[in-house]
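The values are calculated or read from the model by the stated rules, or taken from the named source; none is laboratory data. Because the structure is predicted, anything quoted here is derived from the model rather than measured. Reconstructed Cβ throughout: ideal geometry from the backbone, glycine too, with neighbour counts over all protein chains shown. The area values use the complete protein model at the heavy-atom level, side chains included, leaving out ligands, DNA and RNA. Shrake-Rupley method; radii C 1.70, N 1.55, O 1.52, S 1.80 Å.
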Amino acid sequence: MLDLQRLRALHAVSVHGTVGAAAAALGYTPSAVSQQIAKLERETRTVLLERRGRGVRLTEQAEQLADTAQELLAIVERAETELEERRGRPAGRLTVAAFASAARGLLPAVLADLAARHPALDTRLTEIDPHLSVDLVARGAVDLAVAHDWDISPLPAPPGVEQAVIGDDLCDLLVPAGHPFAGRSSVRREDLGGQRWICQPPGRVCHDWLVRTLRAAGSEPDIVHQAEENPTLIALVAAGLGVALIPRLGRGPLPDGVAEVPLDPLPVRRLYALWRAGAARRPAIAETVRTLQSRWPMVSKRP
């Protein structure tokens, strides 16, 4: 008899690509995940992971077993959904994936609210890029994701994934206090040419939006500094090293030396909750979505 938790560990490695990432998603240590895989190898008398450089790859047999694990986990999810639906109240484990500023600015209040009102519900948060989180929902690696898109870059929702709008997050141009734009009531996108930009690395939604928007306005962005976290981007602006476009969610108070200037038109990114269609009846999903939506007006005000 194959152990479901060991199959879950193998499936997580298949989805996330590394033992460390799988462990973070499951709430285990990497050592615990490795032990689960090793036990599964002994049970199946099959080599499941092979070393590749500093990481691992699944063998062909492991890929087949991971596909079977996904089917079994989907069956278990349906059974849990039916039981929870009969009880009529949120219960059990709910895994949530969210991008960085939502994990910082929105989820703490939401998770605390859910914990206070539904003690039988065990929520687990993982911070991850929004485009990656959509695929994790579709593949059953997480139960619910909080993701976003921009006004010129819609977020694709694959078949079998449902979504609901949480709210709109506005973004502002941040410039050093001595910058010519500081103190202006607004700046048009067409006036942004020639600036030294600070933004996230390529492949991130914010980076792609900036490049596409400036090119559409007739200029090629000069990106001089790149960093993952918004606080780092803001610190670079405060040091006078360039300008940045930063959303308001989770931004916090601006430090001395940084001025906020609205763009015209104001950039907007829309936040969504996404979940698998098969789990739509689960009270935990419905209650978490309602809580996200009800909490949004309280966290989306200007910092």
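Taken about its Cα centre, the chain carries a charge dipole of about 480 debye when Lys and Arg each add +1 at the Cβ and Asp and Glu each add -1 at the Cβ.
Between helix 283-299 and the chain there is an angle of about 20 degrees, using the helix long axis and the longest principal axis of the Cα atoms.
Ordered from highest to lowest accessible area with the whole protein assembly present and a 1.4 Å probe, 298, 1 read as 1, 298.
FRET efficiency for residue 32 and residue 229, Cβ-Cβ distance as r, R0 = 25 Å, nearest 0.05?
Values: r = 28 Å, r/R0 = 1.13.
So, using R0 = 25 Å, E works out to roughly 0.35.
Modelled spin labels at residue 157 and residue 45, positioned 7 Å past Cα toward Cβ, are 4.8 nm from each other. Against the chain, whose longest principal axis is taken from its Cα atoms, helix 60-87 shows a tilt of about 90°. Residues in the stretch 163-170 carry Karplus couplings, in order, of 8, 9, 6, 8, x, 9, 10, 8 Hz; the curve used is 6.51 cos²θ - 1.76 cosθ + 1.60 with θ = phi - 60°, and Gly or Pro positions show x. Length available on full extension from residue 191 to residue 113: 0.36 nm per residue minus the Cα-Cα distance, which gives 23.7 nm. The angle between the Cα long axis of helix 107-117 and the longest principal axis of the Cα atoms of the chain comes to about 50 degrees, rounded to the nearest 10. Rolling a 1.4 Å probe over the protein chains gives residue 59 an accessible area of about 10 Å².
The HN-Hα couplings worked out from phi for the stretch 47-59 by the Karplus form 6.51 cos²θ - 1.76 cosθ + 1.60 (θ = phi - 60°) are 6, 9, 10, 10, 5, 9, x, 8, x, 9, 9, 7, 6 Hz, whole numbers, x standing for Gly and Pro. Taken one residue at a time, the phi angles of the stretch 27-37 give Karplus couplings (6.51, -1.76, 1.60, θ = phi - 60°) of x, 10, 8, x, 4, 5, 5, 4, 5, 4, 5 Hz. Gly and Pro are set to x. Placing a label point 7 Å from the Cα of residue 222 along the Cα-to-Cβ direction, the residues of the stretch 186-204 whose backbone N falls under 16 Å from that point are 191-199. Taking all protein chains together, 101, 31, 300 sort by accessible area into 31, 300, 101, largest first [probe 1.4 Å].
First select every other residue whose beta carbon is under 12 angstrom from the beta carbon of residue 164; then total the charges, Lys and Arg +1, Asp and Glu -1.
On the way: positive: 270, 290; negative: 162.
Net charge in that neighbourhood comes out at +1.
Annotation: per residue accessible area for the chain equals 48 Å², rounded to a whole number [probe 1.4 Å, protein chains only]. Protein heavy-atom surface of the chain, 1.4 angstrom probe: 51% of the accessible area is carbon and sulfur, with nucleic acids and ligands not counted. Quick check: from the Cα gyration tensor, does the chain come out rounded (a/c under 1.5), prolate or oblate? Because a/c hits 1.5 or more and a/b exceeds b/c, the chain counts as prolate.
Can you tell which of 185, 34, 14 shows the greatest fluctuation in a Gaussian network model of the chain with Cα springs below 10 Å? Per the Cα network of the chain with a 10 Å cutoff, 185 tops the list. Residue 82 contributes about 100 Å² of solvent-accessible surface, heavy atoms of the protein only, 1.4 Å probe. In this view, the solvent-accessible surface of residue 99, computed with a 1.4 Å probe and all protein chains in place, comes to about 10 Å². Looking only at the chain, where both bridge partners belong to it, what percent of the DSSP beta bridges are antiparallel (to the nearest 5)? Here the share of antiparallel DSSP bridges comes out near 65 percent.
Taking amide H atoms as placed 1.01 Å from N in the peptide plane, the amide H of residue 49 lies under 5 Å from those of 59, each 5 or more residues away in sequence or on another chain.
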